[in-house]
Structures are given as structure tokens and as C-alpha cells.
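Okay, so here's the structure we're looking at.
The values are calculated or read from the model by the stated rules, or taken from the named source; none is laboratory data. Everything numeric in this text was worked out from a predicted model, so none of it was measured. Using ideal geometry, Cβ is built from the backbone for each residue, glycine included, and neighbour counts are taken over all protein chains shown.
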């Protein structure tokens, strides 16, 4: 299976690219608005993987080329770039579109959930996606720094929402291949806001409590 990470040069893109290339045999392609930036990031990821004893190739391309033919396309871009990114690759999408983005707003008290008018960033992705392209919400609550540290053990749950059950099952299975991650079915896409709103809570807890840096969620 081919997994494309649009905006894969950013924090969550880096972590997912490294974990996918390290833990699975899937083809990983890093996308960016500029091919050179994607190529530089992919080369860095390959070097990191080699340092951890894994000889894996990471592809690189501009976002439309990365999306073309990919079975799973992860929108690893900030929420405010999501709709523009989907529009830029709409003609090239044929696989499952995954949205991990969360709308956040900071003030002196900390971070707060700031969803778009449609209710959630995942719903915004579904609105922007071409007809027939299933959208799945996943990876909203992962601490990017720890995810990208291949020397760090993970023990996190990943709530997954979608209206298309086959697409949801594909993302659940993909997530379960990553060491230390357990995918949980969180229901239809209408539940995305509840999942996304966990992210500012986790960040605020990590910021205000010693020893909770790179905090993730585990449900027991």
C-alpha cells in the first residue's frame, strides 16, 4: 500500500513518515508544495531510519504527485491550510483521505479548541474532498515530538472516525501496524469534534504538570 503524507515535512508528517517506514513495509511518500523541500525532508528521514538500523526508501514529490495513486493520503498540514491543500490535489485523489488536523487558539490561559463553523476540521476535510473520496479522522491527539523519536516507546490510543466503514477499517489496520499505537473506533465522522477537542487538553496538561511532556491518550 502507498501512503502519501501531504505537508509531510512538518511535525506530524515527520513522525508518521518515520514510524510508517520503520514499522511497516508500505511505500511512504512525503509531499510538499515544493518538490525540493520534500526531497530534503525525505533524505533526512532516510538518514534517521538508517541510524536506527532500517534501510528504507522514502519517496518525495510535490503534493499533487504524491497524492496521485496513493491508497491513503494524510493531510498532515495545519488546519488553516487544509482546504487549500485538498483543492490543490483534488484531481489526483483516488484513495482514502485522512485528516489529523485540529483547530487551536492560544491565549494567556493556554490552548483552546477552535473548530471551524462546520463543527470540526475533519468535517471541513470531508466538505473539501471530491465526491467519492472517503474521509477518515485519525492521529489528532499524537504528540509529534515523541512520535518522531524512534528511540521512544509509544503507548497511545488513536480514536478513528469515519462514515465509510471500509475506509475506517483500512486506517484502523494501518494504525495497528505501528508499534505502540492502538486504533479505536470512535464512531462516525460526526464525532470528530469530541476527538479533536482532546488535543488542547493534552497539551495544557503537559504544559502544567512536570513529567508529562509529549503526553498522549490511553483508554482503559
### Message
For region 99-111: of the residues being over 20 Å from the mean Cα position of the chain (by Cα) and part of a strand (DSSP E or B), which is farthest from residue 158 (Cα to Cα)?
### Response
107
### Task
Give the residue that is nearest to residue 165 (Cα to Cα), with candidates limited to residues of region 112-124 that are out of contact with any strand residue (DSSP E or B) (no Cβ under 7 Å at 6 or more places or on another chain) and assigned to a helix (DSSP H, G or I).
123
#### Entry: Candidates 154, 212, filtered to the one that is within 25 Å of residue 1 (Cβ to Cβ) and in contact with a helix residue (DSSP H, G or I) (Cβ under 8 Å, 6 or more places away or on another chain)
154
### Query
Which one is farthest from residue 12 (Cα to Cα), of the residues in region 42-66 that are in contact with a helix residue (DSSP H, G or I) (Cβ under 9 Å, 6 or more places away or on another chain) and surrounded by fewer than 14 Cβ atoms within 10 Å (Cβ to Cβ)?
55
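Yes/no matrix, rows are residues, columns are (1) touching a residue at least 60 places away in the same chain (Cβ under 8 Å); (2) over 15 Å from the mean Cα position of the chain (by Cα); (3) closer than 30 Å to residue 47 by Cα:
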{"site": "114", "(1), (2), (3)": "no, yes, no"}
{"site": "139", "(1), (2), (3)": "yes, no, yes"}
{"site": "142", "(1), (2), (3)": "yes, no, yes"}
{"site": "150", "(1), (2), (3)": "yes, yes, yes"}
{"site": "160", "(1), (2), (3)": "no, no, no"}
{"site": "171", "(1), (2), (3)": "yes, no, yes"}
{"site": "179", "(1), (2), (3)": "yes, yes, yes"}
{"site": "185", "(1), (2), (3)": "no, yes, no"}
{"site": "191", "(1), (2), (3)": "no, yes, no"}
### Task
Please verify whether region 81-98 includes one or more residues that are assigned to a strand (DSSP E or B), farther than 21 Å from residue 133 by Cβ and touching a strand residue (DSSP E or B) at 6+ places or on another chain (Cβ under 8 Å).
no
#### Entry: Residue among 216, 187, 180 that alone is exposed (fewer than 15 other Cβ atoms within 10 Å of the Cβ) and touching a strand residue (DSSP E or B) at 6+ places or on another chain (Cβ under 7 Å)
180
### Summary
Note: among 47, 17, 60, 41, just one is without any contact (Cβ under 8 Å) to a residue 40 or more places away in the chain, in contact with a strand residue (DSSP E or B) (Cβ under 6 Å, 6 or more places away or on another chain) and assigned to a helix (DSSP H, G or I), namely 41
### Query
What do you reckon, is residue 206 more than 16 Å from the chain's Cα centre (by Cα) and touching a residue at least 60 places away in the same chain (Cβ under 8 Å)?
yes
### Query
Out of curiosity, is residue 133 buried (at least 20 other Cβ atoms within 10 Å of the Cβ) and either at pLDDT 95 or above or closer than 21 Å to residue 1 by Cβ (or both)?
no
#### Entry: Filtered residues of region 140-163 (kept if closer than 22 Å to residue 124 by Cα and in a loop (DSSP other than H, G, I, E, B))
140, 141, 142, 163
